[in-house]
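One structure below.
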Amino acid sequence: MLSACSSSPEDKDIALANQGPNALYDKAKQNMETGNFNAAAQTLSALDSRYPFGPLSHQVQLDLIYSYYKIRDTDQALANIDRFLRLNPNHSDVDYAQYMRGLVNMDAGRNVFQDFVGIDRADRDPSKAREAFDDFRRLIEKYPDSKYAADAQKRMLFIKDRLARYELAIASYYMKRQAYVAAANRGKYVLENYPDSPHLQQALEIMVECYEQLDLHELKSNALKTLRLNFPDSSYVS
């Protein structure tokens with residue numbers, strides 16, 4: 001009798017599924033509210049599969065994207081974002097989906113352990129950061145009045161700083177190996193692509209030093225003039 005009165009988790013899942021999409025969605029929302037995004041993703045995925053065209057379908061897909069983002073399942077998050085954007089180009093929340101694409105790619109470019117212990121690995125692969133930058137840029141270009149546009153702009157500035165530091169980390173690596181042409185080109189890339197970066201002074205100083213080593217006096221003079229004009233306190237400015 002006691003065993004008959006008890007129910008296993010599997011029985012509860014079956015009973016929940018039999019109650020229909022609203023019960024499933026309520027369960028998923030409860031899991032999201034309590035921070036159990038793994039369980040929420042499982043329930044939302046099941047709901048999306050069973051009722052792909054129901055009245056809750058769009059909200060289910062958006063919540064599923066967010067749940068995958070929270071559990072750092074990058075592949076599933078991006079796959080669901082791209083599907084939503086492809087199938088619902090005129091939906092009122094398409095700007096949110098585009099914004100989430102940037103967040104997912106930005107998060108994928110982080111190393112949680114290194115961030116936790118305060119390790120700055122500027123030389124790690126920036127490919128996901130570049131994707132995130134393009135995602136946020138696309139959001140601002142297509143939906144300039146979106147409520148997510150301002151935050152996207154701030155994140156783009158952060159990413160530009162990250163990308164500039166990557167270029168300079170590689171430039172420093174080349175300089176140590178006396179590959180001065182490659183190092184100078186990295187500094188020049190920062191100058192041309194991230195002119196508002198706080199690392200502009202370092203880029204110019206790398207260029208000055210490399211051109212000095214290469215006996216490229218005209219290029220050195222031009223870089224030095226720019227450095228003197230913008231950063232007169234630099235140790236490279238005599």
Point to revise | helices (runs of 4 or more DSSP H) contained in the range 1-87 and holding at least 3 residues modelled with pLDDT under 95 | key: 2-5, 9-18, 21-33, 37-50
Point to revise | Leu157 at pLDDT below 95, farther than 21 Å from Gln213 by Cβ and either open to solvent by less than 40 Å² (accessible area, probe 1.4 Å) or not in a helix (DSSP H, G or I) (or both) | key: no
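To keep it simple, each residue is scored yes or no on (1) within 27 Å of Arg110 (Cβ to Cβ); (2) touching a residue at least 24 places away in the same chain (Cβ under 8 Å).
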{"position": "Ala152", "(1), (2)": "yes, yes"}
{"position": "Ser172", "(1), (2)": "yes, yes"}
{"position": "Gln178", "(1), (2)": "no, yes"}
{"position": "Lys188", "(1), (2)": "no, no"}
{"position": "Leu204", "(1), (2)": "no, yes"}
{"position": "Met207", "(1), (2)": "no, no"}
Point to revise | Among the candidates Ala182, Ala203, residue that is open to solvent by 30 Å² or more (accessible area, probe 1.4 Å) and under 30 Å from Ser127 (Cα atoms) | key: Ala182
Exercise for review: Enumerate the pairs (first residue in the range 219-230 and more than 14 Å from Lys188 (Cα to Cα); second residue anywhere and of a type in the set (Ser, Thr, Tyr) and surrounded by 14 or more Cβ atoms within 10 Å (Cβ to Cβ)) with beta-carbon separation below 8 Å, excluding pairs fewer than 6 apart on the same chain, so at least 6 apart or on different chains.
Suggested key: Arg228/Ser234
Exercise for review: State whether one or more residues within the range 119-136 are more than 19 Å from the chain's Cα centre (by Cα) and surrounded by 16 or more Cβ atoms within 10 Å (Cβ to Cβ).
Suggested key: no
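The values are calculated or read from the model by the stated rules, or taken from the named source; none is laboratory data. The shown structure was predicted, so the numbers you read here are calculated from the model rather than taken from an experiment. Because the Cβ atoms are built from the backbone with ideal geometry, glycine has one as well, and the counts that use them run over all protein chains shown. The protein model used for the area step is the full one, side chains on, heavy atoms only, and it has no ligands, DNA or RNA in it. Shrake-Rupley method; radii C 1.70, N 1.55, O 1.52, S 1.80 Å.
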